[in-house]
Structure formats: structure tokens, C-alpha cells
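Structure, as C-alpha cells:
The values are calculated or read from the model by the stated rules, or taken from the named source; none is laboratory data. Here the structure is a predicted model, which is why all the values come from computation and not from measurement. Here Cβ is always computed from backbone atoms with ideal geometry, including for glycine, and neighbour counts include all displayed protein chains. Side chains included, ligands, DNA and RNA excluded: accessible areas come from the protein's heavy atoms. Shrake-Rupley method; radii C 1.70, N 1.55, O 1.52, S 1.80 Å.
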Amino acid sequence: MAGTTVPTTEQILVPETLLKKRKAQEKTAEERKAAQVEKKKAAKAKREVIFKRAEKYVKEYRDAEREQIRLARLAKKDGDFYVPAQSKVVFVVRIKGINKIAPKPRKVLQLLRLLQINNGVFVKLTKATSEMLQIVQPYITYGDVNLKSVRELVYKRGYGKINKQRIPLSDNALIEANLGSFGIISIEDLIHEIYTVGPNFKQASNFMWPFKLSNPNGGWKSRKFLHFIEGGDCGYRGDAINALIRQMN
């Protein structure tokens, strides 16, 4: 009886459909690998752009601060007082609920997106917005916000309005997807646009969901609805808004 031989892998015929399937799988795997490499390259390039922009912003903030100090010293040297330029942006917090509010102030609060007590928004100061703030002054407190407060609010309580939903700003990709067409691709771009009141402030501010703040540590003052300068809490409070933000954030 003749000895039997085992065929090698080259001698075994593979069905054509299986060969096609293998080739398709190999091609898909190669394409996926190439796409991952491209994605990594793009992400690296984007990180570098974001980092360079952040460095530029830090330099810009530092130069502005030094210029303020220089002007103050110069005024003091000449025996004058240095009065800083009026802030272009204010942070507005609603401190009164919905009871006993007249229709006109109620409508203004809706336009400012202050729908609930302890809601806060950034508002660009113009003639129109200044008049609106005057109308609702008994129901709000507001003041000139500094860079530290803007940064803390956006990082800690920043939510974006994406598809009419309140989404936490946990990734720069979310910001780029919604504001990339305005040149805002990272959270630092968003902070810079709001703080410096850039050309796309309206889009950046509307993208941010109104901030939901807590009651301040230690509570409100006993005569809450008196004006701030009368010992209450409502109305314009200048730089003191930053201390209130720390208490409420």
C-alpha cells in the first residue's frame, strides 16, 4: 500500500470568496491604521496651535497688567489719580425669584437669559444693555469681572449649549465643533474672547449655558434687596463682584 502524504498549505485550494474577504479585511485594517496615524498627526498639530495661542494670551494679559501699573505710577508721580478705563464686560447674577416681578423687568430678565435665581451670565456693556440692566437692577447684582473669575467660572461651571442640550465643556473638540468657524477652538480661546470682548463675543457668550451658581458662603446680607452701596446686595458693585463669584462658585 502506497504511503499517504499530507498536502502543504500552498497545495490546499482556498475558496475565492474567502480570499476576497481576507483581502477586504486587510485593506480595511490598513486604512484604519493610516487614518489613526493621520488623526494623531492632526491632534498633535492642533495641540501645538492651542499651546502657542495660550502663550500669546498670557503675554497679552501680562502686558496689559504692566501697562496699568505703569500708568498708575506715572499718575502718582505727577500728583494725579489714575482712573482705569471702564470695563467692556460685566458678570450679572440674578438674586430674586419669580414672585412679584412686573412684566417689563420679567421680559428683560428673559432677554438676558437669567431665568432662575442664582443664574449668571456675561454681558457686553453697550448703551442698550446698560439701560436693560437699569430696568432689572432690583433683581440682579453685577460688576466688572476679572480674568481669574472668568477662568474659574468657565473651567468649573462651564457648560455649552449643543443641540439645545446642556453639555459640560470636557473637551476642546466640543468647542471647535460649535465655534471653530469663529476661530475659537479651545477653552482658552473661549475665555480670551469673553474677557477681551472680542469680535465674536456674542457667539461665544450665547454658546455658554447660563452659569448655575450656589448661594454665597455665609448667605446674602439681611437687607438683600437694598442697593449694594446702601448695605444690600442688588445693583452695581464694581470689582466686588469677583469676591461674590468666589463665594458662589
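Values as computed for the structure displayed
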item	result
First in region 150-177 and under 15 Å from N249 (Cβ atoms), second anywhere and among the basic types (K, R), Cβ under 8 Å, 6 or more apart	E152/R246; R157/K212; Y159/R166
Tally of residues being outside any loop (DSSP other than H, G, I, E, B) and either touching a Ser or Thr at 6+ places or on another chain (Cβ under 8 Å) or of a type in the set (V, I, T) (or both) across region 70-127	10
Candidate set: region 169-195, residues that are of a type in the set (S, T, N, Q) and in contact with a helix residue (DSSP H, G or I) (Cβ under 8 Å, 6 or more places away or on another chain); chosen: the one surrounded by the most Cβ atoms within 10 Å (Cβ to Cβ)	S186
Any hit, region 199-217, residues being under 21 Å from N249 (Cβ atoms), among the charged types (D, E, K, R), open to solvent by 20 Å² or more (accessible area, probe 1.4 Å) and part of a strand (DSSP E or B)	yes
Any chance L174 is hydrophobic (A, V, I, L, M, F, W, C), within 13 Å of the chain's Cα centre (by Cα), closer than 20 Å to V123 by Cα and not in a loop (DSSP other than H, G, I, E, B)	no
R237, sole failed condition from (1) without any contact (Cβ under 8 Å) to a residue 40 or more places away in the chain; (2) crowded, with 17+ Cβ neighbours inside 10 Å; (3) under 22 Å from R113 (Cβ atoms)	(1)
